[in-house]
1. Please give the calculated 222 nm ellipticity per residue for the chain, where each DSSP H segment of at least 4 residues contributes -39500 (n - 2.57) and the sum is spread over every residue; nearest 500 deg cm²/dmol?
2. Expressed as a whole percent, how much of the Cα-Cα distance distribution for the range 191-268 exceeds 16 Å?
3. Please provide three numbers in whole Å: the alpha-carbon extents of the range 1-75 along the principal axes, with the largest listed first.
4. What is the Rg over Rh value, at two decimals, for the chain, using alpha-carbon atoms and the Kirkwood definition of Rh?
5. How far, in nm, would the chain grow between PHE121 and ARG243 when pulled straight, counting 0.36 nm per residue and subtracting the alpha carbon separation?
6. Is there a pair in LYS209/LYS262; LYS41/LYS209; LYS23/LYS270; LYS113/LYS154; LYS89/LYS154 whose C-alpha atoms are over 31 Å apart, and which pairs would that be?
7. Return a whole-number percent for the relative contact order of the chain, with Cα pairs under 8 Å and 6 or more residues apart as the contact set.
8. Can you run phi through the Karplus equation (6.51, -1.76, 1.60; θ = phi - 60°) for the range 131-146 and list ³J(HN,Hα) in whole Hz, with x for Gly and Pro?
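Each value in this text was obtained by applying a stated rule to the coordinates, not by laboratory testing. Just so it is clear, the structure is predicted and the values come from calculations on it, not from any experiment. Positions of Cβ are generated from backbone atoms using ideal geometry, with glycine treated the same way; all protein chains shown enter the neighbour counts.
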Amino acid sequence: MGWAIALHGGAGVPKNLPPERRKPREEGLRRALEVGVSALKSHASALDAVELVVRELENNPHFNAGKGSVLNSNGSVEMEACIMDGNTKNCGAVSGLSTVVNPVSLARLVMEKTPHIYLGFAGAEAFAREQGVETVDPSHFITKENIERLNHAKDANRVQLDYTPPSQATNEKDTGVPEGDKLGTVGCVAVDSHGNLATATSTGGLVNKMIGRIGDTPIIGAGTYANSFCAISATGVGEEIIRCTVARDVAALMEYTNLSLKDAADQVVKGASEGTTGLVGVSAGGEITMPFNTIGMFRACATEDGVPEVAIWPSL
Ligand code: GLY
């Protein structure tokens with residue numbers, strides 16, 4: 001069986017994204033896809049491939065994770081991430097990080113080096129120090145662009161979602177954030193040539209969110225889930241994705257009703273409120289699906305035998 005990989009850079013895409021905002025993100029997706037493809041071609045495990053891809057996206061300030069993480073209402077960052085291995089169902093998650101350069105790798109250490117699944121806030125930061133992962137001063141994440149985004153959201157008195165549903169906002173005046181300034185969560189799913197599945201997701205959350213708010217990304221079964229049927233990483237409005245247990249529902253439909261990955265994912269995304277949810281998924285057989293009920297979703301995929309794809313809006 002051949003390998004397959006899919007990744008997303010968030011469902012935060014307006015209809016008219018100017019080229020200066022679109023191109024660096026497309027380039028970022030392309031580069032991240034190359035990282036994953038080259039790992040899988042060199043026989044890396046699916047778990048290693050998804051971690052490498054998400055680290056690449058976390059290091060790219062054009063996405064809402066790691067370096068590009070958006071700011072809380074008090075101007076600080078609280079990043080979160082999750083990783084899961086499909087065959088073993090081992091998983092790790094972190095929340096409330098303000099100094100860790102690559103939250104996804106800390107999530108993997110929680111999975112591999114602790115008896116637990118999920119560490120948050122002071123405990124997660126202390127664990128990062130204990131493990132010696134790369135950390136920086138919290139000011140590293142407070143970029144000029146992120147301060148502007150926060151100020152726009154505050155001026156409009158909004159918690160700015162990484163994607164703003166059309167029912168709530170259709171233009172800059174409504175959202176308080178300039179079109180093209182909305183950043184998305186990142187995630188990656190892969191199956192390797194041995195049929196092992198894995199998923200990883202990472203985010204800075206929402207602009208102007210309350211301190212301590214936790215979204216769907218680190219919650220196993222909501223934003224992130226993998227088993228022996230499929231691996232899923234979701235993006236969009238965290239509260240809706242949690243309510244709909246998006247990632248686990250796709251796997252459960254496949255397991256209990258024999259639906260294909262595509263049919264299961266379409267059903268789950270259709271069941272979530274319009275304008276809130278997108279996901280990337282891969283099955284043990286190498287099928288890829290990338291549905292969304294938002295205007296667009298930054299995404300990319302490749303298979304061992306197929307043509308690589310980078311896309312934003314619905315495919316024709
Ligand atoms: N989907 C990212 C969040 O709501 O935090």
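1. The helix-only estimate for the chain comes to -10000 deg cm²/dmol at 222 nm.
2. Roughly 51 percent, once rounded to a whole number.
3. That gives 44, 30, 16 Å along the principal axes, largest extent first.
4. Result for the chain is an Rg/Rh of 0.94.
5. Extra length available between PHE121 and ARG243 comes to 41.6 nm.
6. LYS209/LYS262; LYS41/LYS209; LYS113/LYS154; LYS89/LYS154
7. Reported as a whole number, the value is 26 percent.
8. Each residue of the range 131-146 in turn: 7, x, 6, 5, 10, 9, 5, x, 5, 3, 8, 8, 8, 4, 4, 6 Hz.
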